[in-house]
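Only the coordinates and a few stated rules stand behind these numbers; no lab work does. Owing to the predicted nature of the structure, the values given are computational and were not obtained by experimental measurement. In this analysis, Cβ positions are derived from the backbone assuming ideal geometry, glycine residues included, and neighbour counts consider all displayed protein chains.
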Amino acid sequence: MNLLLCLISHQHVPNLLTVHELRPDRLVLLVTKPMEEVANNLINALDLGGLDYRT
């Protein structure tokens, strides 16, 4: 099983590109309270790109 740990910040493109390149089995997001909306936006963008990490 491949696991990818992402630090969520306002710079979402590096995380987005890395997830699309590596396509891990599990995705763990390290998120602070102020960054929760940014994390949700990343998950939505991944979902639109065909990668579902909602579960």
List, in order, the whole-Hz ³J(HN,Hα) value for each residue of the stretch 4-11 obtained from phi through the Karplus relation with A = 6.51, B = -1.76, C = 1.60 and θ = phi - 60°; use x for Gly and Pro. 10, 9, 10, 8, 8, 9, 6, 8
State the extension gain, in nm to one decimal, for the chain segment bounded by residue 21 and residue 41, taking 0.36 nm per residue of separation less the distance between their alpha-carbons. 5.4 nm
Can you tell me the relative contact order of the stretch 3-48? Whole percent, Cα pairs under 8 Å, sequence separation 6 or more. 50 percent
Please give, to one decimal in nm, the separation of the simple spin-label points placed at residue 1 and residue 52, each 7 Å out from Cα toward the Cβ. 1.8 nm
Between 0 and 90 degrees, rounded to the nearest ten: what's the tilt of helix 36-48 against the longest Cα principal axis of the chain? 30 degrees
Write down, largest first, the equivalent ellipsoid semi-axes of the chain in whole Å, where each equals the square root of 5 times an eigenvalue of the alpha-carbon gyration tensor. 17, 12, 11
With Cβ to Cβ distances under 10 Å as the rule, what net charge do the other residues near residue 2 carry (K, R +1; D, E -1)? +1
Measure nothing fancy, just the Cα-based angle from helix 13-22's long axis to the longest principal axis of the chain, in degrees from 0 to 90, nearest 10. 20 degrees
